[in-house]
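Here is the structure we will look at, set down as C-alpha cells.
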Amino acid sequence: MSEIPTIQLNDGTEIPAIGFGTFEIPSDGSTYKAVSTALKDGYRHIDTAVAYFNENEVGQAVRDSGIPREQIWITSKLWL
C-alpha cells in the first residue's frame, strides 16, 4: 500500500486520512483477521464502535500486530 495521506488536527497531531472500517464484520475471528491484514497492508487508522460488538477483536489484532500502539489510531463511537 502506498503512503496514506494525513490530516492535521487543531493541536498539530496528524491522523491518517483513510481508515479501515470494521462495521458489520462479525466477532467470530473475522474482525481479528481483517484488522490484522489491514495493519500488515499499511493501515494505521482503524474505525470501530461499541455497537459493532467487535472491539475486543480489534484490540487483540492491534496488540498482536507488533506495531507500536502510538503509531495506530483507533476511532470509536459510544452506544446511545
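Read-outs throughout are calculated quantities, based only on the coordinates presented, and are distinct from any laboratory measurement. These numbers come from a predicted model, not from an experiment.
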Query - Of Ile46, Ile67, Ile15, the one that fluctuates the most in a GNM where the chain has Cα springs shorter than 10 Å - result: Ile67
Report task. Assign one of three labels to the chain, namely rounded, prolate or oblate, based on the Cα gyration tensor with a ≥ b ≥ c the square roots of its eigenvalues; rounded applies when a/c is under 1.5, prolate when it is not and a/b is larger than b/c, and oblate otherwise. Result -> oblate
Query raised in the report: So what's the angle, to the nearest 10 degrees on a 0 to 90 scale, between helix 55-64 and the longest Cα principal axis of the chain?
Result: 60
Query - Principal-axis tilt of helix 30-40 within the chain, Cα atoms, nearest 10 degrees - result: 20
Query raised in the report: Non-local amide H neighbours of Thr6 (under 5 Å, H modeled in plane, Pro and chain starts lacking H): which ones?
Result: Ala17
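Taking 0.36 nm per intervening residue step and subtracting the Cα-Cα distance, what contour gain separates Thr75 from Val50 on full extension? Could you put the intermediate results ahead of the total?
Numbers: separation 25, 0.36 × 25 = 9.00 nm, distance 1.07 nm.
Separation in residues times 0.36 nm, less the Cα-Cα distance, equals 7.9 nm.
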